[in-house]
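The values are calculated or read from the model by the stated rules, or taken from the named source; none is laboratory data. Just so you know, these numbers come straight off a predicted model, no measurement behind them. All Cβ positions, glycine included, derive from the backbone under ideal geometry; neighbour counts span all protein chains shown.
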Amino acid sequence: MLSLLKNEWIKLWTKKQPWIFVGLIIVFTLLFTLMYYSFEANTALDSDEWQMQLEQEIEQEREILQSEDASEWEKDFAEMIIEENTAYLEGGINPRQFNNLIYMNDTLLGVASFITLFSVIVASSIVSSEMNTGTIKQLVIRPYERWQFLVSKFITVVLFSIVLIVTLFVTNYILGLILFDTASWNTAMIERSFEGAMVETTAANLIFSKIGLYTLNMLVFVVISFSLSTLFRSQALAVGVGIFALFATTMSQALNFLLADTAWYKFVIIPHLSLTEYVVHDTIIEGVTLPFSLAVLAVYVIILLGLATVYFQKKDIAY
Amino acid sequence: MTEYALEVKGLTKTIGKNKRIVNDASFQVQHGEIFGLLGPNGAGKTSTIRMIVGLIRKTEGKVIINGKDLDEAGQLCKTDIGAIIENPSFYDHMSGYKNLQQYARMARTNITDERLREVVDLVKLNNAIHDKVKTYSLGMKQRLGVAQAILHKPSVLILDEPTNGLDPQGIRDLRDYLKILTEQGISSLVSSHLLSEMQLMCDRVAIMEHGKIIDISHISELNIQRDEVNLVSFTVSSLEKAKEVLANSTSGIEIVEAENESVTLSMSYENIPKINQLFVKNDIDVFAIESAKTSLEDRFLQLTAVGKKAEE
Ligand SMILES: Nc1ncnc2c1ncn2[C@@H]1O[C@H](COP(=O)(O)OP(=O)(O)OP(=O)(O)O)[C@@H](O)[C@H]1O
Ligand SMILES: [Mg+2]
């Protein structure tokens, strides 16, 4: 079994594609960082000034709250800013300060979608390409069970996506060290969501829960495309479905809002494909918590991988 | 030692509702024997072989390799087998050597670098073995196919159309190393639709058509027999004269074909000198006498529908 894994690993890296993917992740991280650096770093404030500035902002917003011609929307926004700034002041956190971990937290997932995309592409081709070129027949006549080939291919894809994640993390971390001051992993940080929900926690906690949840999420995409390409022998289909699912997650906010009341929606896979939401939320729809999402995903993953394995174990290989 | 290296019993493959692409095929390959599977395109040779190596499931029947049932001891059976199925495919972006290393790693025994080089030597790929497979010709791929099949010293070699794409020298080489392997006790099942090849390569031949095995014979039985009727063609100076002489003679020999300065006769072997004499006596120069050694082909055509159609 280990030799099968070794074979797959060698086959993967003797192609150009995975090297290009790793290279692109590095390049995209660089570009993204440059953008971030040129826009965000200008707004940095000195350590003495920031508390004053936050307090000034709170004052301004209070005025808006009291004024009569401010709209409902403006008042909501003002309340949010006040709440936020108060939290920063109480926590002693300078939100306009820059250090390598703040940079990391802001940018780490910026190019992460590409990791999912590249992993989906590799996952979709690792089985189907051998079926299309016919090399599969020289594999399955060897003294192994067919599922062992499938398992070693699956592990290879997972390892590949982990390589991408590590590449991203390391590049990002190094750039942070070069461009910004170094902060402790225990630095307190506040993470906000679009709707204004807030959590206060440490840098380590925040960054690692983001990347952990993201990795879990990506693995689900890998499973979807790996299984579909095995079942339908079509790389194009599998990549297509993978990318569709990726887009579906960007719309999931809207779907969550529209369909939250239906009984079945929480059992559909889509709302659970944005696990990083759980960094700031305890629930993504009412009653849907992280363990629930993980359980739903596990069921889908087991069904998909099970189907692919049973099918591959039995199918006639006649090409 | 078990009785047979490979035994196939009542092998059947049904596709869809009622399409039997292999129909109740049975044969045995003895130890150290080269057994041929001969049949026209679409006869079911590849399908039979695919079932033996477990690429497709059998609808019915048994495959027994060195006494072990494929259904019960699949992995043990596969350890004993080396195979080429149709055109072998490789990882194009890797060198031939790296490809072989892949197969070496999958073997149940340890395959040393010496063994790899030995096999590369045997199939004469030394010069190209470190080039990428995408630069290989069809024949070179076929040789690499043979290499991956024999790498782990299997006791049963299964080769589907192994001569496909090989030049005459390549075919000869293949025949030679098959002979060497046979001497080491390896048994082979070789499929082909080329009769002449089978004749030179195999000890016994099964003829397959429409999924059925319709005949199994020893090559020696099939080779020319003295009293059997054969096709013999004479290249002569005058076709007209030759026809006339034959028509007037009492030999009762039938002219099958007469064109391009040669007459083809259906006659027994023993009569060749007599006819030659007859021509010479009548001032007809004889430039060549060729006996079409196509007895296997005849047999094949006789037995298969292709032949029947041709006769009509
Ligand atoms: N997957 C399949 N679905 C439907 N029919 C099939 C399938 N595989 C093979 N056949 C049919 O089975 C028959 C036998 O095919 P097979 O490839 O075994 O023939 P063959 O003897 O190897 O021929 P050739 O000399 O051309 O290689 C053919 O008529 C083919 O059309
Ligand atoms: Mg064939």
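Is there a residue being in a helix (DSSP H, G or I), at the interface with another protein chain (Cβ under 10 Å from one of its Cβ atoms) and at pLDDT below 90 anywhere in region B:139-149?
No, region B:139-149 contains no residue that is in a helix (DSSP H, G or I), at the interface with another protein chain (Cβ under 10 Å from one of its Cβ atoms) and at pLDDT below 90.
How many residues, within region B:42-69, are within 16 Å of ligand 2 (Cβ to nearest atom) and more than 13 Å from chain A (Cβ to nearest Cβ)?
Summing the residues that are within 16 Å of ligand 2 (Cβ to nearest atom) and more than 13 Å from chain A (Cβ to nearest Cβ) in region B:42-69 gives 3.
Here are the criteria: (1) surrounded by fewer than 21 Cβ atoms within 10 Å (Cβ to Cβ); (2) more than 16 Å from ligand 1 (Cβ to nearest atom). Tell me which single one residue B:138 does not satisfy.
Failed condition: (2).
Can you name every residue in region B:168-199 that is out of contact with any Pro (no Cβ under 9 Å at 6 or more places or on another chain), modelled with pLDDT of 90 or more and either among the acidic types (Asp, Glu) or within 16 Å of ligand 1 (Cβ to nearest atom) (or both)?
Listed by number, the list holds a single entry, B:189.
The conditions are (1) under 18 Å from the mean Cα position of the chain (by Cα); (2) of a type outside the set (Gly, Ala, Ser); (3) away from chain A (no Cβ under 11 Å), and residue B:87 fails exactly one of them. Which is it?
(3)
How many residues, within region B:39-52, are modelled with pLDDT of 90 or more and over 10 Å from residue B:213 (Cβ atoms)?
The total comes to 7.
Looking only at region A:154-173, decide whether some residue is crowded, with 17+ Cβ neighbours inside 10 Å, within 14 Å of chain B (Cβ to nearest Cβ) and closer than 30 Å to residue B:148 by Cα.
Looking for residues that are crowded, with 17+ Cβ neighbours inside 10 Å, within 14 Å of chain B (Cβ to nearest Cβ) and closer than 30 Å to residue B:148 by Cα, one finds at least one in region A:154-173, hence yes.
Pull out all pairs, ordered by first then second residue, where Cβ-Cβ is under 7 Å, the residues are six or more apart or on different chains, the first lies in region B:153-176 and is within 14 Å of another protein chain (Cβ to nearest Cβ) and in a loop (DSSP other than H, G, I, E, B), and the second is away from ligand 1 (no atom under 13 Å from the Cβ) and among the hydroxyl-bearing types (Ser, Thr, Tyr).
Partner pairs satisfying both residue conditions: B:155/B:187.
Any chance region A:63-76 includes a residue that's assigned to a helix (DSSP H, G or I), crowded, with 19+ Cβ neighbours inside 10 Å and out of contact with any Cys (no Cβ under 9 Å at 6 or more places or on another chain)?
Within region A:63-76, not a single residue is assigned to a helix (DSSP H, G or I), crowded, with 19+ Cβ neighbours inside 10 Å and out of contact with any Cys (no Cβ under 9 Å at 6 or more places or on another chain).
Got at least one residue in region B:105-117 being within 14 Å of another protein chain (Cβ to nearest Cβ) and farther than 25 Å from residue A:152 by Cβ?
no
Just to be sure I understand, how many residues within region B:156-177 are within 24 Å of residue B:48 (Cβ to Cβ) and more than 12 Å from the chain's Cα centre (by Cα)?
Final tally of qualifying residues: 5.
So that you can scan it fast, the table gives a plain yes or no per residue for (1) in contact (Cβ under 8 Å) with a residue 40 or more places away in the chain; (2) aromatic (Phe, Trp, Tyr):
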residue	(1), (2)
A:211	yes, no
A:223	yes, no
A:234	yes, no
A:243	yes, no
A:252	no, no
A:257	no, yes
A:261	no, no
A:264	no, yes
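Tell me whether region B:85-108 contains one or more residues that are within 16 Å of ligand 1 (Cβ to nearest atom) and crowded, with 21+ Cβ neighbours inside 10 Å.
Yes.
Filter region B:70-80 down to the residues that are within 19 Å of residue A:316 (Cα to Cα) and within 7 Å of chain A (Cβ to nearest Cβ), then identify the one that is farthest from the chain's Cα centre (by Cα).
Only one residue tops the list, namely B:75.
Looking only at region A:108-117, which residues are surrounded by fewer than 21 Cβ atoms within 10 Å (Cβ to Cβ) and either among the acidic types (Asp, Glu) or assigned to a helix (DSSP H, G or I) (or both)?
A:113, A:114, A:117
Here is a list: B:63, B:22. Which entry is touching a residue at least 24 places away in the same chain (Cβ under 8 Å), out of contact with any Gly (no Cβ under 8 Å at 6 or more places or on another chain) and within 16 Å of ligand 1 (Cβ to nearest atom)?
It is B:63.
Among helices (runs of 4 or more DSSP H) lying entirely in region B:200-312, which contain 2 or more residues that are modelled with pLDDT of 70 or more and in contact with a strand residue (DSSP E or B) (Cβ under 9 Å, 6 or more places away or on another chain)?
B:239-248, B:272-281
Go through region B:177-204 and give me each residue that's in contact (Cβ under 8 Å) with a residue 60 or more places away in the chain, surrounded by 19 or more Cβ atoms within 10 Å (Cβ to Cβ) and away from ligand 2 (no atom under 16 Å from the Cβ).
Correct list: B:178, B:186, B:187, B:188, B:199, B:201, B:202, B:204.
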